[in-house]
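Written below as structure tokens is the structure these notes are about.
Here, each number is a calculation from the coordinates, and none is a lab measurement. Small disclaimer: the values here were computed from a predicted structure and weren't measured. Ideal geometry is used to build each Cβ from the backbone, glycine not excepted, and the neighbour counts take in all protein chains shown.
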């Protein structure tokens, strides 16, 4: 049975996700500039892809936030946040450290999308499906980063 969507909580979560994703754009861009060593080109390309994907995610979430119509009800009509989640400043830029920080960031994004799913379940099939798709993408990022870090933990 469908229940009423908690619009305020949904808008707040969508904004938190935007802030996290935009933080990823800044984080991954900065990391890509700091990578050194024999695998630099490969790691830089990976980080640039992550930055681009974070921007795309923020844009998708923003479109939902500003114009999603609830089956016959009013649109969310939220206002996207201009903030980004703070990234911890560091002076450690080894590949291992960058990948570990990237994993921590991706785990945060995964938690936010899971919170969104919990909030919209049984309220909006579209938002449920969107959250599930994003959880799948974030889980894949987590798996990828864990595999990349595997050699550094032995």
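Taking only the C-alpha atoms, wrap a convex hull around region 9-154 and report its volume per residue in Å³ as a whole number.
For region 9-154, the hull spanned by Cα atoms encloses 99 Å³ per residue.
Once you place label points 7 Å from the Cα toward the Cβ at residue 104 and residue 1, how far apart are they in nm?
Roughly 4.5 nm, to one decimal.
Exposure proxy check: 18, 135 ranked by fewest other beta carbons within 10 Å?
The fewest-first ordering by Cβ neighbours comes to 135, 18.
On full extension of the chain, what length is gained from residue 66 through residue 52, given 0.36 nm per residue of separation minus the C-alpha to C-alpha distance? Can you show the working numbers first?
Details: separation 14, 0.36 × 14 = 5.04 nm, distance 2.11 nm.
Length gained, residue 66 through residue 52: 2.9 nm.
Order by neighbour count: 152, 130, fewest other Cβ atoms within 10 Å first, most last. Can you show the working numbers first?
On the way: 152 12, 130 19.
Lowest to highest Cβ neighbour count: 152, 130.
Nearest 10 degrees, 0 to 90: what angle lies between the long axis of helix 7-34 and the longest principal axis of the chain (Cα atoms)?
Once rounded, the angle reads 20 degrees.
Tell me, what is the FRET efficiency for residue 96 and residue 129 to the nearest 0.05, using R0 = 22 angstrom and their Cβ-Cβ distance as r?
On the way: r = 36 Å, r/R0 = 1.64.
Using R0 = 22 Å, I get an efficiency of 0.05.
Once you have the Kirkwood Rh of region 1-93 from its Cα pairs, apply Stokes-Einstein at 10 °C and 1.306 mPa s and quote D in µm²/s.
Details: Rh = 14.9 Å.
Answer, rounded: 106 µm²/s.
Between residue 41 and residue 82, what length comes free when the chain is fully extended (0.36 nm per residue of separation minus the Cα-Cα distance, one decimal in nm)? Before the final figure, lay out the partial values.
On the way: separation 41, 0.36 × 41 = 14.76 nm, distance 3.19 nm.
So the extension gain works out to 11.6 nm.
For region 93-154, report the % of Cα-Cα distances exceeding 13 Å.
Working: 1182 of 1891 pairs.
Roughly 63 percent, once rounded to a whole number.
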